[in-house]
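Single-structure report; data block below.
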Amino acid sequence: MSKFTDLALEARELNPDIEGVTERHEQYGDITLTRINIESEQAAQKLDKLCGSYITLDAPRLIDRPLDLFDSTSQKLAEELNMFLKSLDAGAEVMVVGLGNRMITPDSLGPRVAERVYVTRHVKQYMPEAFDFPLYSVASIAPGVLGSTGVETLEAVKGITERVKPDLIIAIDSLASRRASRISTTVQLSDTGISPGSGVGNLRAGLNRETLGVPVIAIGVPLVVYASTIARDTISMIAEETGLHKDEQKLISLAEKVIDEKMDGMIVTPKDIDSIVEDMAGIISHAVNMALFGKHYEEVRMLIA
């Protein structure tokens, strides 16, 4: 559990020599972009990720909340998302799915993004004259979680998908990282879909092309870490500073055992998680809207917002 992570980048860091994976790093000002492609089933099994493309945006300075970096992160994320939209026709149906529980702050990223996406499906159906230019038909839903609705997320999304018949689904969810420093500073974009609840170890059936019959692009932000991860990193740091490496692994194993047995696999999130989720919801929703509406963004915003 101390090594658990939803990020392909971190899974790769734990397995740097594995074959069947390509990795490329790019720098854009304060943003480090890492492209990881998992190309073989053997590598996928080793990394516990599906074969596909994973793009990670790291912007450590986001923790200081600079507005200019908010904008540039949204812009870069929109550019990368646009690469996945290229194959769609101009009037394609796109459905945004905000996964998670709106009532639990670190799990509320998906619903908060979903409610900020500019939806146009109803306008195109009932007021087609409102737009005199090609435009995606966008729907946005937040299906809730099994504990609140009694309905599996996959069941809810699949039912709506069969009715709406989108050409593409964009799913947003909270993730878990193995580094506390990545909370609020990292965004992962992938073409492999997503498994609701994975960020809190409550894995549900995955939302992907195989289960929904539609391509699923996933956007996630790490907002929690396991207490065992923090214990592991703390012990490793102490060993590094003091040179006492002899008992490091033994102490790590003991700390993990105590946390698992006495704290029931405790999951930790920062004290300022409210503002972090609000900031990240703004960054991601802005990126999604920019990617979906491009040069017509302002016109759509004026009509919808």
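The values are calculated or read from the model by the stated rules, or taken from the named source; none is laboratory data. Predicted model, so just to flag it, every value in this text is computed and none were measured. Cβ placement follows ideal geometry from the backbone for every residue including glycine, while neighbour counts extend to all protein chains displayed. We work out accessible area using only protein heavy atoms, side chains counted, and drop any ligands, DNA or RNA first. Shrake-Rupley method; radii C 1.70, N 1.55, O 1.52, S 1.80 Å.
With bins 20 Å wide starting at 0, give me the P(r) of the chain over every alpha carbon pair, in whole percents.
The calculated distribution, bin by bin, is 32, 57, 10, 1.
If packing is taken as the mean number of other Cβ atoms within 10 Å per residue, what is the order of 266-273, 140-147, 166-173, 230-237, highest first?
The packing order, highest mean first, is 166-173, 140-147, 230-237, 266-273.
Write down the Kirkwood hydrodynamic radius of region 21-180, to one decimal in angstroms, obtained as one divided by the mean of 1/r over all alpha carbon pairs.
Computed over Cα pairs of region 21-180, the Kirkwood hydrodynamic radius comes out at 18.2 Å.
I'd like the Karplus ³J(HN,Hα) series for region 282-292: coefficients 6.51, -1.76, 1.60, θ = phi - 60°, whole numbers in Hz, and an x wherever there's a Gly or Pro.
With the stated coefficients, region 282-292 comes to x, 4, 6, 5, 4, 5, 4, 5, 5, 5, 6 Hz.
Could you tell me what % of all Cα pairs in region 17-99 have separations over 21 Å?
Taking all Cα-Cα pairs of region 17-99, the fraction more than 21 Å apart is 48 percent.
What net charge do the residues around A78 carry, taking every other residue with its C-beta under 15 Å from that of A78, with Lys and Arg at +1 and Asp and Glu at -1?
The answer is +1.
What percent antiparallel are the DSSP beta bridges of the chain, to the nearest 5?
60 percent
For the chain, what is the calculated [θ] at 222 nm in deg cm²/dmol (nearest 500), taking -39500 (n - 2.57) for each run of four or more DSSP H residues and dividing by its residue count?
Rounded to the nearest 500, it is -12000 deg cm²/dmol.
Rounded to the nearest 20 debye, what is the charge dipole size of the chain about its Cα centre when +1 sits on each Lys and Arg Cβ and -1 on each Asp and Glu Cβ?
Magnitude of the dipole: close to 420 debye.
In whole percent, and with a 1.4 Å probe on the protein chains, what portion of the accessible area of the chain is carbon and sulfur?
C and S fraction of accessible area: 52 percent.
If you count only protein heavy atoms with a 1.4 Å probe, what accessible area per residue comes out for the chain, rounded to a whole Å²?
Ligands and nucleic acids excluded, the figure is 49 Å² per residue.
Among the listed pairs K86/K271; K124/K271; K271/K295; K46/K271; K49/K76; K49/K124, which are separated by more than 31 Å between their Cα atoms?
Cα-Cα > 31 Å for K86/K271; K124/K271; K271/K295; K46/K271; K49/K124; rest within.
Rounded to two decimals, what is Rg over Rh for region 112-230 when you use alpha-carbon atoms and the Kirkwood radius?
1.03
Gap in Å between the Cα centre of region 272-304 and the Cα centre of region 132-173?
18 Å
For region 60-126, count the residues as N, evaluate 2.2 N^0.38 Å, and divide the Cα radius of gyration by that value, please.
The reported ratio for this selection is 1.39.
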